[in-house]
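Participant: Have a look at this one.
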Amino acid sequence: MDILEYIAKKLAYGKEIANELNLSTATISYHMSALSKLGFICEEVTSNRIYYSINKEKISLYLEEISKFFIDL
């Protein structure tokens, strides 16, 4: 959640996120890969850095589906 919260506020690259959240770059890379597979983040390549931001539409759709699932139980 901390990663998503951070990149919701601003475009950021892996090392920047790692430094801000006191995590290793390997940990950030691992989580970014998982978030990317889910479609929850967008990637923008600039020079030799990948900048990340959240995919608000995809996250909103996912939350709607989860809500529907629990309402229908």
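Just so it is clear, none of the values below were taken in a lab; they were calculated from the coordinates. Since we're looking at a predicted model, the values are computed, not measured. Because the Cβ atoms are built from the backbone with ideal geometry, glycine has one as well, and the counts that use them run over all protein chains shown.
Participant: Name the single residue that is surrounded by the most Cβ atoms within 10 Å (Cβ to Cβ) among those in the stretch 1-41 being small (Gly, Ala, Ser) and in contact (Cβ under 8 Å) with a residue 40 or more places away in the chain.
Facilitator: The qualifying residue surrounded by the most Cβ atoms within 10 Å (Cβ to Cβ) is ALA12.
Participant: LYS37 - would you say it is of a type in the set (Lys, Arg), assigned to a helix (DSSP H, G or I) and closer than 21 Å to GLU64 by Cα?
Facilitator: yes
Participant: Among the residues of the stretch 42-73 satisfying the criterion of being farther than 17 Å from ASP2 by Cα and β-branched (Val, Ile, Thr), which is surrounded by the most Cβ atoms within 10 Å (Cβ to Cβ)?
Facilitator: Here the answer is ILE50.
Participant: Which of the residues that make up the stretch 1-16 are more than 24 Å from LEU61 (Cβ to Cβ) and either assigned to a helix (DSSP H, G or I) or of a type in the set (S, T, N, Q) (or both)?
Facilitator: Across the stretch 1-16, the qualifying residues are GLY14, LYS15, GLU16.
Every residue, every condition in (1) touching a Phe, Trp or Tyr at 6+ places or on another chain (Cβ under 9 Å); (2) more than 19 Å from LYS10 (Cβ to Cβ); (3) assigned to a helix (DSSP H, G or I), yes or no:
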position: ALA26; (1), (2), (3): no, yes, yes
position: MET32; (1), (2), (3): yes, no, yes
position: CYS42; (1), (2), (3): yes, no, no
position: VAL45; (1), (2), (3): yes, no, no
position: GLU57; (1), (2), (3): no, no, yes
position: SER60; (1), (2), (3): no, yes, yes
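Participant: Quick one: in the stretch 1-32, which of the residues that are of a type in the set (Ser, Thr, Tyr) and within 15 Å of TYR51 (Cβ to Cβ) is farthest from the chain's Cα centre (by Cα)?
Facilitator: Here the answer is THR25.
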